[in-house]
Every structure is written in C-alpha cells, then in structure tokens.
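Engineer: My questions all concern the structure below.
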Amino acid sequence: MSLALSDTLVLGTRFADELPELALPWQAAEAPEPQLLVLNEPLAAELGLDAEVLRSEEGLGLLVGRAVPEGARPVAQVYAGHQFGGYSPRLGDGRALLLGEVAGPDGVLRDLHLKGSGRTPLARGGDGLAAVGPMLREYVISEAMHALGIPTTRSLAVVATGARVHRETTLPGAVLARVASSHLRVGSFQYARATDDLDLLRRLADHAIARHHPAAAEAEHPHRALFEAVVRAQADLVAHWMAVGFIHGVMNTDNMTISGETIDYGPCAFMEAHDPATVYSSIDTGGRYAYGNQPAAAAWDLARLAEALLPLLHDEQEQAVAWATEALGAFATRYTAAWSARVHDKLGLPGGIDDAVAGPLVEDLLVLMRDGHVDHTLLFRELSAAARGDAEPARSRFLDLAAFDEWTARWRALGPDAGRMDRVNPLYIPRNHLVEEALDAGTHGDLDPLHRLLEALAAPYDERPGLERYAEPAPEDFGRYQTFCGT
Ligand code: AMP
Ligand code: MG
C-alpha cells in the first residue's frame, strides 16, 4: 500500500541489514477497527512527522504496522535473556516489531517499534496481543520519565485495534508505537554469544558502538570501551531511578538496554512510602527487583553482558575474565558517585561537602523515612520549605519527632539551597491510583483523565494551581498496590 507519509518518512533497515541473524522479517496483524487513543505531537515533530497525517487513516495504518512506506522491512528482533535469574536461550519480539529506523531532523537514528502488533515466530505460547490498559500505562510512565529527565524509550501513540484480547477477562486490544535510541539489549548480546558466531558478536558490538557509544570507536580497545560505556550509562540510569523512587519491576537481561534508556514498562511503579523492600510486581515474589535491590540487579545483568562479550575482550579467556571483573567493579564506584550527586541535589547541599558528613546525613534521613512510612516524593518538596524556615509540613510526616528535629538541625547547619531542591525534586509523579484511574477510564473510552494526568506529568517540577490532587499520595482505601506483567 502506498502512503502519503512515504514522502516524509523513510524507515531505515540498518539493523536488519547489519544483523540479519537477529532480524526475522515479519508483518503486523490486521487491526479490524483502528482508533487513535493518544498521539504524542511533540515527539512526532521531533521525528519530523506531521501529526495531522498520523491522525489520518493511512497514519493509523502506519501506527498499527499495516501500511509501511516503500522500502521499509519490519522485523521481529531475536534475543535471549535471564528472566529472574533463569536463562532463556531464545526470547525475542513475540508481540512486537521493529518497523525501522527514523532519522529525525537532528539526523540521529531512532527505532520506530510496535508492541501488541500480533504473533511473530517468537511468540511461543503468547497471543501476540496487548490490551489498551497496559499500552496506555507504558505511554504514561515513559512520558513521565522523559519529563523527569530520565533516559527512556518514548511513546508516540496508542491505537486501539478493535480486536478483543483474552486475559482474565476480555479486553480491548491496542498497539503502542514506541521510539527508542535502539532496542539492543543485554539479551541481544547473550543471543549472539550463544550462537558461537564470533563475527556476529563483533558486528553487534560494532553496531552498538556506532549507534550509542561512538567515542568507544576511538579507544585503544573499542569493545572494552563499549562495555565500560554501558556500565557507566546503567549506573547513571539506576541512580536516576533511585532518586525518584522508580521501581522497574522486571530487570531481566532482555529488559536492559545497551543505550542506557529505560525500557519495557510492565509491572513498574513509583514508590510512595520510602522503603527499600518495596515490590509492586505480582510475579516478583522473592523481591529480586525490589526498590533497594535495583543497583545490585543492574550489576548482575552487566555481569551477563560481560560474559557475552568475553571473546571480544581478550584472546585469552583468563585475561578476558580478569579484565571484565575489574571493569564491572567500576559499576559500584560510578553508581555511588551518581547517587550521591543526585541525593546531594535533592537535599540542596552545597558543593564540596565532606562525604563523611553527607553520607551519614543521607543514610539517617532514609532510615527515618522508612521507619515513618514517609512519602518519598512529597518529603523532598516539603524539605525545601524547611530549608526556607517552615519545617512543619515535613515534620508532621515523621513518627520520631525528636529524631527528625535533630536531623533537620544538622542539615540546616550546612546551608541547603531550597531553589535548587525545587528544580530536582518532582511534585508530580505517576502515582499508582491516578494511573489506574486513567487506564480504567481509557479502557472504557474516556480519555479525559489520561490527558489531564499527562498534562500534570509533563512539567513535574512546576507547582500549578488546580493540580493539587496530582501531588497527593494514594488515599487509604486504595489499599496495597500490585502490578501485573500485562501479557
Ligand atoms: P516482557 O516481560 O514484556 O519483557 O516480555 C518477555 C518476553 O515475552 C518477550 O520476548 C515478549 O516478546 C514475550 N511476550 C510477552 N507477552 C507476549 C504475548 N502476549 N504474546 C507473545 N509474546 C509475548
Ligand atoms: Mg521485555
């Protein structure tokens, strides 16, 4: 089918051309009655796409994968992965497709990818479909992450397909159009390594360097530099998550990108009361991916990446292992520095403060917050009021008032900068009860709550009148929150 979009949209085939072993040519399933639920106009503009054309019939055809421009070659991507510690040699896009790469006006390649576009040869037992609720969920949370300044895949649109999806109940189906720097994952390297095809592994590493870590190409040893760059990107990313209380929920190696973007918003959620043991996902019964375990989980995943890369790191396996072990050690150092920088900002601490002073100050606050079940997001906003002289709103959240007063005196003696705090501590995050409210309404055809929520989340640091309810924690009767994988 020809498309007016063809005039403006070229979908590149670089991944499919350079890595055919990881790309199964495939086509999206038919969408009986496509209906646009939400379109990200600013993102469309960034990609050089006309929002009006995307809203048209042929635009919807593109967004569900049925009408692609000439020359495009959609593929399902093959990858492996450790899921909750257990290795699956062949996962891949069971219900997703890479439509191709878009070079926006800035010339940077970005993947245009669909989720929920029908069964592929990698679907295993799955039906290849996605329901409206979970796709809107990825849309809301990924866009909230972007507005918070956290590296993430983006959401371009959610289109209801008109198909019915069978889960516990029958639900309306949808396709999410997602944009990412790429969909290369740790699991992509695990798959390439497992084929024993060293040329494939090398091509994959070189492709990753060219797209994400071009400075590594200039290094004395580019593949080692690639690994070091991924370690740094992931350490910085997880520090970002920890600062805002984001819990990914399913940090399997197939859900960790090489680019350093957050990917695959399934059972993720933002923590309310601060507690390192917080888990929302129904399937994470052991707490493997609990809030406080995320740095360790990331390091574990990176160790799997190191294993996959070993043959490229050194000809002698023993030497390669020794080198990789040392490089992995950099994760803890980088993470600690990134987290400290973030939390010092959150507390408005002046630069050059002694770690021996700041470290215990932060630790003591987090313990008080945990013991008092204090809201992770609101507290930091209320602390900026405390820095300005009004400690009462923050104080009223704690159980141990004497301990809070003692802590506040120590902190205020350091001269915290309230203005800086307000620029890094969000007021509006995708609170679980608000997300559920918006998804529930959206599933039933009412998209107003979704749009209002998106508007609040688009400027998370700017307090605005009329948005009070978007800043508040869940009401008591919302109960204990649980998330599901949405498959
Ligand atoms: P996730 O936990 O969403 O990252 O998915 C893990 C794997 O399961 C990926 O390989 C997905 O493509 C696949 N998958 C998830 N849901 C479905 C589905 N409904 N149909 C086919 N494959 C699926
Ligand atoms: Mg995944």
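The values are calculated or read from the model by the stated rules, or taken from the named source; none is laboratory data. In this text, all values refer to a predicted model and were calculated from it rather than measured experimentally. Because the Cβ atoms are built from the backbone with ideal geometry, glycine has one as well, and the counts that use them run over all protein chains shown.
Engineer: Consider the stretch 69-85. How many of its residues are surrounded by 18 or more Cβ atoms within 10 Å (Cβ to Cβ), away from ligand 2 (no atom under 16 Å from the Cβ) and over 17 Å from Ala23 (Cβ atoms)?
Structural biologist: Looking only at that region, the number is 1.
Engineer: May I ask you to list the residues in the stretch 211-225 that are in a helix (DSSP H, G or I) and over 19 Å from Arg110 (Cα atoms)?
Structural biologist: Within the stretch 211-225, Ala216, Ala217, Glu218, Pro222, His223, Arg224, Ala225 meet the criteria.
Engineer: Is it the case that the stretch 189-204 has a residue that's of a type in the set (D, E, K, R) and assigned by TED's automatic domain parsing to the domain that holds Ala80?
Structural biologist: So far as the stretch 189-204 goes, no, none of its residues is of a type in the set (D, E, K, R) and assigned by TED's automatic domain parsing to the domain that holds Ala80.
Engineer: Of all residues being among the hydrophobic types (A, V, I, L, M, F, W, C) and either assigned by TED's automatic domain parsing to the domain that holds Ala144 or crowded, with 20+ Cβ neighbours inside 10 Å (or both) in the stretch 263-296, which is nearest to Tyr335 (Cα to Cα)? Just the residue, please.
Structural biologist: Going through the qualifying residues, I end up with Ala290.
Engineer: Among what's in the stretch 86-98 and is more than 20 Å from the chain's Cα centre (by Cα) and of a type outside the set (Phe, Trp, Tyr), pick the residue that is nearest to ligand 2 (Cβ to nearest atom).
Structural biologist: The qualifying residue nearest to ligand 2 (Cβ to nearest atom) is Ser88.
One line per residue, one yes/no per condition, for (1) of a type in the set (S, T, N, Q); (2) in a helix (DSSP H, G or I); (3) more than 13 Å from ligand 2 (Cβ to nearest atom); (4) surrounded by fewer than 19 Cβ atoms within 10 Å (Cβ to Cβ):
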| position | (1), (2), (3), (4) |
| --- | --- |
| Glu52 | no, yes, yes, yes |
| Leu62 | no, yes, yes, no |
| Gly107 | no, no, yes, yes |
| Asp111 | no, no, yes, no |
| Arg119 | no, no, yes, yes |
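Engineer: Would it be correct to say that Ala192 is assigned to a helix (DSSP H, G or I) and in contact with a helix residue (DSSP H, G or I) (Cβ under 6 Å, 6 or more places away or on another chain)?
Structural biologist: Considered against the rule, which asks whether it is assigned to a helix (DSSP H, G or I) and in contact with a helix residue (DSSP H, G or I) (Cβ under 6 Å, 6 or more places away or on another chain), Ala192 comes out as yes.
Engineer: Among the residues of the stretch 433-450, write down those that are surrounded by fewer than 12 Cβ atoms within 10 Å (Cβ to Cβ) and not in a loop (DSSP other than H, G, I, E, B).
Structural biologist: Asp448
Engineer: Quick one: in the stretch 457-487, which of the residues that are under 19 Å from the mean Cα position of the chain (by Cα) and in a helix (DSSP H, G or I) is farthest from ligand 1 (Cβ to nearest atom)?
Structural biologist: Filtering the stretch 457-487 for residues that are under 19 Å from the mean Cα position of the chain (by Cα) and in a helix (DSSP H, G or I), the one farthest from ligand 1 (Cβ to nearest atom) comes out as Ala458.
Engineer: Something else about it: Restricting to the stretch 246-262, name every residue that is crowded, with 24+ Cβ neighbours inside 10 Å, hydrophobic (A, V, I, L, M, F, W, C) and within 10 Å of ligand 2 (Cβ to nearest atom).
Structural biologist: Hit for the stretch 246-262 is Met256, nothing else.
Engineer: Let me ask another. Using the structure shown, decide if Leu129 is part of a loop (DSSP other than H, G, I, E, B) and touching a strand residue (DSSP E or B) at 6+ places or on another chain (Cβ under 6 Å).
Structural biologist: Against the criterion (part of a loop (DSSP other than H, G, I, E, B) and touching a strand residue (DSSP E or B) at 6+ places or on another chain (Cβ under 6 Å)), Leu129 qualifies.
Engineer: Scanning for something within 25 Å of Gly187 (Cβ to Cβ), touching a residue at least 40 places away in the same chain (Cβ under 8 Å) and basic (Lys, Arg), does the stretch 346-368 turn up at least one residue?
Structural biologist: No.
Engineer: Can you find a residue in the stretch 287-299 that is within 16 Å of ligand 1 (Cβ to nearest atom), in a helix (DSSP H, G or I) and touching a strand residue (DSSP E or B) at 6+ places or on another chain (Cβ under 8 Å)?
Structural biologist: no
Engineer: Has the stretch 395-414 got any residue that is among the hydrophobic types (A, V, I, L, M, F, W, C), under 19 Å from the mean Cα position of the chain (by Cα) and crowded, with 16+ Cβ neighbours inside 10 Å?
Structural biologist: So far as the stretch 395-414 goes, no, none of its residues is among the hydrophobic types (A, V, I, L, M, F, W, C), under 19 Å from the mean Cα position of the chain (by Cα) and crowded, with 16+ Cβ neighbours inside 10 Å.
Engineer: I need the full set of residues from the stretch 141-151 which are crowded, with 24+ Cβ neighbours inside 10 Å and either more than 14 Å from ligand 2 (Cβ to nearest atom) or in a loop (DSSP other than H, G, I, E, B) (or both), in order please.
Structural biologist: Listed by number, the residues that qualify are Ala144, Met145.
Engineer: Identify, by number, the condition in (1) part of a helix (DSSP H, G or I); (2) out of contact with any Phe, Trp or Tyr (no Cβ under 9 Å at 6 or more places or on another chain); (3) under 21 Å from Asp301 (Cα atoms) that Ala208 doesn't meet.
Structural biologist: (2)
Engineer: For the stretch 247-286, which residues satisfy the criterion of being among the polar types (S, T, N, Q) and touching a residue at least 24 places away in the same chain (Cβ under 8 Å)?
Structural biologist: Residues satisfying the conditions are Asn252, Thr253, Asn255, Thr257, Ser259, Thr262, Thr278, Ser281, Ser282.
Engineer: Going through the stretch 81-97 one residue at a time, which ones are within 12 Å of ligand 1 (Cβ to nearest atom) and assigned to a strand (DSSP E or B)?
Structural biologist: Gly81, His82, Gln83, Ser88, Ala96, Leu97
Engineer: Starting from the stretch 376-401, take each residue that is of a type in the set (D, E, K, R) and list its partners that are surrounded by fewer than 18 Cβ atoms within 10 Å (Cβ to Cβ) and modelled with pLDDT of 95 or more, counting only C-beta distances under 6 angstrom and pairs at least six apart or across chains.
Structural biologist: Final answer for the pair search is Glu382/Pro393; Arg388/Ala418.
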